[in-house]
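For reference, the structure discussed in these notes is given below.
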Amino acid sequence: MVCGGFVCTKNALCALNILYVLVSLLLIGVAAWGKWFDLVSSIRVVAGVIGVGIFLFLVAFVGLCGAVKHHQVLLFFYMIILFTVFVVQFSVSCACLALNKDQQNNLLEVGWNKSEDTQKDIEKTLNCCGFSSFSYNGTCAARCFHSNPPPTCDTCSNTIQGYAGEVLRFVGGIGLFFSFTEILGVWLAHRYRNLKDPRSNPGAFL
């Protein structure tokens with residue numbers, strides 16, 4: 001069977017969805033591991049990562065079942081969902097790569113103000129206090145704040161901005177890579193739906 005035939009397309013689609021299953025399990029495992037060892041205290045962050053992992057797992061499961069059974073309905077919904085995810089992920093990835101420093105700072109400040117648990121995680125991890133300013137009469141989870149007086153701590157905005165550009169480029173690059181695998185999955189599913197199973201009745205269209 002030449003590549004591009006029924007069996008080759010089926011195997012390629014199955015392999016792609018097995019990859020998605022592994023990635024989804026990795027996301028769920030990393031989020032659970034981070035929460036278990038108290039590396040991330042924010043329930044929203046953990047729930048968000050686990051939610052993304054479960055969604056990806058379900059999409060991959062639908063695609064895998066559709067590929068194995070050559071099920072027209074499952075493959076159709078798989079194509080629609082995967083194309084929607086592609087559009088959203090491609091847009092977000094391009095936005096991450098296009099953000100300038102001022103936009104990055106505004107976005108980071110919005111994220112900072114949304115959750116106190118996230119603030120504590122960042123202060124503890126990066127050893128900083130406050131976003132752009134802080135008071136020594138307040139509280140801070142950083143080691144420098146609890147050192148011998150007087151405490152000397154940098155603001156987290158200065159520390160985060162040093163990593164923000166690299167992180168956004170990394171996230172944008174990974175997002176772009178997976179978005180192209182998603183459009184590949186859409187193309188494979190569309191092609192596979194229109195192929196006849198050579199083991200079935202030659203006159204039947206599946």
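Read-outs throughout are calculated quantities, based only on the coordinates presented, and are distinct from any laboratory measurement. Please read these numbers as outputs of a predicted model, since none were measured by experiment. FYI the Cβ positions are ideal-geometry reconstructions off the backbone, even for glycines, and counts take in every protein chain you see.
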Summing -39500 (n - 2.57) over the DSSP H runs of n ≥ 4 in the chain and dividing by its residue number, what mean residue ellipticity at 222 nm do you reach, to the nearest 500 deg cm²/dmol?
-25500 deg cm²/dmol
Amide H proximity to residue 70 below 5 Å, modelled H, separation 5+ or other chain, gives none
To the nearest 20 debye, what charge dipole does the range 6-193 have about its Cα centre, counting +1 at the Cβ of each Lys and Arg and -1 at the Cβ of each Asp and Glu?
700
Average Cα contact separation per residue, the chain, under 8 Å, 6 or more apart, as relative contact order %:
26
Anisotropy class of the range 27-127 from Cα gyration tensor, a/c 1.5 cut:
oblate
Choice from 98, 31, 60 with maximal GNM fluctuation in the chain (Cα, 10 Å cutoff)
98
Of 172-182, 106-116, ordering from highest average Cβ density within 10 Å down gives 172-182, 106-116
Evaluated at q = 0.11, 0.17 Å⁻¹: base-10 log I(q)/I(0), Debye formula over Cα of the chain:
-0.67, -1.14
Give me the one-decimal nm value for the distance between modelled label points at residue 115 and residue 184, 7 Å along each residue's Cα-to-Cβ direction.
3.2
Order these peptides, 161-170, 88-97, by their mean beta-carbon neighbour count within 10 angstrom, highest first.
88-97, 161-170
